[in-house]
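In what follows, a single structure is set out as structure tokens and then discussed.
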Amino acid sequence: MMKHASVVVIGGGIVGSAIAFSLLKMKTKNVCVIEKSYVSSGSTGRCAGGIRQQWSSPMNVKLAMRSVKLFEEFEKDVGMNIEYYQGGYLLLAYTDSEVDDFEKNVRMQKSQGLDVEILTSNQIKEKFPFINVEDIKLGSWCQSDGHANPQLANIAYAIAIRKMGGEFLTHTTVTGIDVQNRQIIGVQTDNGYISTKIVVDAAGFEAPKIGSMIGVDIPVHGERHQILVTEAVNHFLDPLVINFNHNYYVRQTHHGSLMMGQGDANPASGEDLGNTIEFLEEMSEKMIKDFPLLKNIHIVRQWSGAYDMSPDAQPIIDESKDISRFIYATGFSGHGFMLAPAVGESVAEMIIHGQTVTTDVSNLKMDRFTIGIEREHNVV
Ligand SMILES: Cc1cc2nc3c(=O)[nH]c(=O)nc-3n(C[C@H](O)[C@H](O)[C@H](O)COP(=O)(O)OP(=O)(O)OC[C@H]3O[C@@H](n4cnc5c(N)ncnc54)[C@H](O)[C@@H]3O)c2cc1C
């Protein structure tokens, strides 16, 4: 374990790993990631791997578009095939108000340069004959959206970080941060001490616990979300399909299984990683109605993970006003995997240049909660 680091990143999930990778790529030396468990043990290893650019907030569209560029280069850049597949995302609208929202969002997304279109229900039937289009008014479609395997992506970053000369400590818990005159001087862990002047809090839904070690309040809480996985079947589903009205998403993995999830009406805390039979029943009923061909498919597994929820369902990326060089990237609210490459790049730029260069993320600073920002609505 190194005794001194130029930057300590707390949390070795996809966000912390992307930040450390970007710092090393920008030639920063002595970068250290500290992960309390194994690589991808947090939300990242429990996530569905969806990568979409169709958001209702322009900031999320911009960040996701930059991430897609980086995912397109991922295998070459980071060095591993992560089953990245641009099979598109299909969002389904059932009500007049959804139709208005989709049309408004598509106009905004196009203004950001995204190649996205509205599909009529007949066009949806033609393109995806296995979807029950009864009651569907229209869809929003983007071919360059897609999905990847989040565990592979997290592992790829960890391997690359070590190859590039960074340290990636697993099974090491950060227990405290030492500060003198509002400057960070070091990080305590259960495996020893590392002196540093810069700390990045990328501890997912546990980021507030890290902040509280030095009196920084981070308004994020963990919310449990469940996933169901079926047996593998022949490939038929190219896009990830999202149905906000019936409150679910579904995609087919590289190996053929279907992976699906929904938002619970009363979600449990993110600390509770249990599973419920109600989720299994509700999810299955919805699938059989909207994808009748799945009627006899077998379920093989279910699991749960935490969304790190922020008050407006958008990330919080900022440097503390009270503790110099304490930077946090959290509050991803169910979409941190897809945003991670661009967030990694932005945070690395903030550390090296004092400001972002490639993507302006200033709208994601903490002070937006006092001045107000529009909530992201396209969330399951
Ligand atoms: C069911 C489900 C489905 C999802 N689907 C998608 C999707 O399709 N697309 C998408 O983009 N996102 C999705 N997400 C969200 C995505 O998983 C998260 O936004 C993303 O993984 C957050 O990454 P992270 O690195 O911030 O957090 P994490 O992966 O949770 O990493 C944080 C790490 O910090 C470590 N840590 C915490 N405290 C300490 C400490 N004191 N010392 C050392 N280490 C510590 C933890 O062990 C953890 O590994 C989904 C999430 C869930 C739960």
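The values are calculated or read from the model by the stated rules, or taken from the named source; none is laboratory data. Predicted model, so just to flag it, every value in this text is computed and none were measured. Please note: Cβ atoms are built from the backbone with ideal geometry, for glycine as well, and neighbour counts cover all protein chains shown.
If you scan segment 43-64, which residues turn out to be more than 6 Å from the ligand (Cβ to nearest atom), within 14 Å of the chain's Cα centre (by Cα) and not in a loop (DSSP other than H, G, I, E, B)?
45, 51, 60, 61, 63, 64
Among the listed residues 67, 17, 40, identify the single one that is buried (at least 23 other Cβ atoms within 10 Å of the Cβ), farther than 22 Å from residue 364 by Cβ, within 12 Å of the ligand (Cβ to nearest atom) and at pLDDT 95 or above.
Details: 67 fails: farther than 22 Å from residue 364 by Cβ; 17 fails: farther than 22 Å from residue 364 by Cβ.
Criteria check complete, one pass: 40.
Could you identify the single residue in 225, 171 that is within 13 Å of the ligand (Cβ to nearest atom), closer than 17 Å to residue 44 by Cβ and assigned to a loop (DSSP other than H, G, I, E, B)? Break it down into steps so the answer makes sense when it comes.
Numbers: 225 fails: assigned to a loop (DSSP other than H, G, I, E, B).
Step by step, each of 225, 171 is checked, and only 171 is within 13 Å of the ligand (Cβ to nearest atom), closer than 17 Å to residue 44 by Cβ and assigned to a loop (DSSP other than H, G, I, E, B).
May I ask you to list the residues in segment 21-37 that are farther than 16 Å from residue 189 by Cβ and buried (at least 24 other Cβ atoms within 10 Å of the Cβ)?
Across segment 21-37, the qualifying residues are 21, 22, 23.
Condition check ((1) assigned to a strand (DSSP E or B); (2) surrounded by 15 or more Cβ atoms within 10 Å (Cβ to Cβ); (3) of a type outside the set (A, V, I, L, M); (4) over 29 Å from the mean Cα position of the chain (by Cα)) across all residues:
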{"residue": "97", "(1), (2), (3), (4)": "no, no, yes, no"}
{"residue": "104", "(1), (2), (3), (4)": "no, no, yes, no"}
{"residue": "115", "(1), (2), (3), (4)": "no, no, yes, no"}
{"residue": "119", "(1), (2), (3), (4)": "yes, yes, no, no"}
{"residue": "125", "(1), (2), (3), (4)": "no, yes, yes, yes"}
{"residue": "135", "(1), (2), (3), (4)": "no, no, yes, yes"}
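Within the bounds of segment 55-66, is there any residue that is over 30 Å from residue 141 (Cβ atoms) and not small (Gly, Ala, Ser)?
no
If you take the residues in segment 209-222 that are more than 10 Å from the ligand (Cβ to nearest atom) and surrounded by fewer than 22 Cβ atoms within 10 Å (Cβ to Cβ), which one is farthest from residue 177 (Cα to Cα)?
Among those that are more than 10 Å from the ligand (Cβ to nearest atom) and surrounded by fewer than 22 Cβ atoms within 10 Å (Cβ to Cβ), it is 221.
Kindly evaluate residue 367 against the criterion of being modelled with pLDDT under 95, more than 14 Å from residue 63 (Cβ to Cβ) and more than 18 Å from the chain's Cα centre (by Cα). Talk me through it step by step, then tell me what you get.
Details: modelled with pLDDT under 95: yes; more than 14 Å from residue 63 (Cβ to Cβ): yes; more than 18 Å from the chain's Cα centre (by Cα): yes.
Here the answer is yes, as residue 367 does meet what is asked.
Being farther than 22 Å from residue 85 by Cα, touching a Gly at 6+ places or on another chain (Cβ under 8 Å) and at pLDDT 95 or above is true for just one of 307, 249. Which residue is that?
Details: 249 fails: farther than 22 Å from residue 85 by Cα.
Result: 307 is the single residue among 307, 249 that is farther than 22 Å from residue 85 by Cα, touching a Gly at 6+ places or on another chain (Cβ under 8 Å) and at pLDDT 95 or above.
Sort out which residues of segment 20-36 are within 7 Å of the ligand (Cβ to nearest atom) and more than 18 Å from residue 340 (Cβ to Cβ), and write them in order of number. Working first, answer last.
Initially, segment 20-36 is screened for residues within 7 Å of the ligand (Cβ to nearest atom), giving 34-36.
Within segment 20-36, just 36 meets the criteria.
Of the numbered conditions (1) of a type in the set (A, V, I, L, M, F, W, C); (2) away from the ligand (no atom under 11 Å from the Cβ); (3) assigned to a strand (DSSP E or B); (4) in contact with a Ser or Thr (Cβ under 7 Å, 6 or more places away or on another chain), residue 327 satisfies every one except a single condition; which is it?
Status for residue 327: all satisfied but (4).
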